[in-house]
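Accompanying notes for the structure given below.
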Amino acid sequence: MTDFDLQQDDRQRPFLLHPEWHISISHSYPFAAACLSKKLRTGIDIEKIGRNVEQVAPRFLNSFELAQWKGDPMKLTLAWSAKESIYKAWRKPGLSLQKEIHLVINHNQIQGKVLQNDVVEVRFEIHDDFLLTLVNH
């Protein structure tokens, strides 16, 4: 076993034994995405736009976010994916997507606020019916 062998923690999340390298993996049929980052923790997510997001939005958005983006499948999917990427990068079990991660989406920029003080930029790309979000922390 080397420092670069892919491991899984007790929650099935991937990690590397090497202290300076971090990995994140995501999939949404038929695509998969992965990222490696040296020193910064990283989170990546890929989602099909609109895939039942309206139904699950109340579970991951706070009331302000839900009121702002309700009825907009693109922004709801962006919010879901951004929060997933942030959650993966923070690696804090039990971090609440709804209560502890807050988002602002302005045109081509997404900014997240985690645990009331950590601000993070969420990078994203849209390709046909899928979008990809990436966070380094």
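Read the figures in this text as sums done on the coordinates, not as results from a lab. Everything numeric here is computed off the predicted structure, so don't read it as measured data. Please note: Cβ atoms are built from the backbone with ideal geometry, for glycine as well, and neighbour counts cover all protein chains shown.
Spin-label model, Q7 to D129: label points 7 Å out along the Cα-to-beta-carbon direction sit 3.9 nm apart. For the pair Q98 and E20, a Förster radius of 25 Å applied to the C-beta separation gives a FRET efficiency near 0.20, rounded to the nearest 0.05.
Computed from backbone phi, the HN-Hα couplings of region 67-73 come to 5, 6, 10, 4, x, 10, x Hz, rounded to whole numbers (Karplus: 6.51 cos²θ - 1.76 cosθ + 1.60, θ = phi - 60°; Gly and Pro given as x). Centre-to-centre separation between the Cα atoms of region 1-68 and those of region 75-137: 10 Å.
Across the chain, the mean sequence separation of Cα contacts (distance under 8 Å, 6 or more residues apart), normalised by length, yields a relative contact order of 21 percent.
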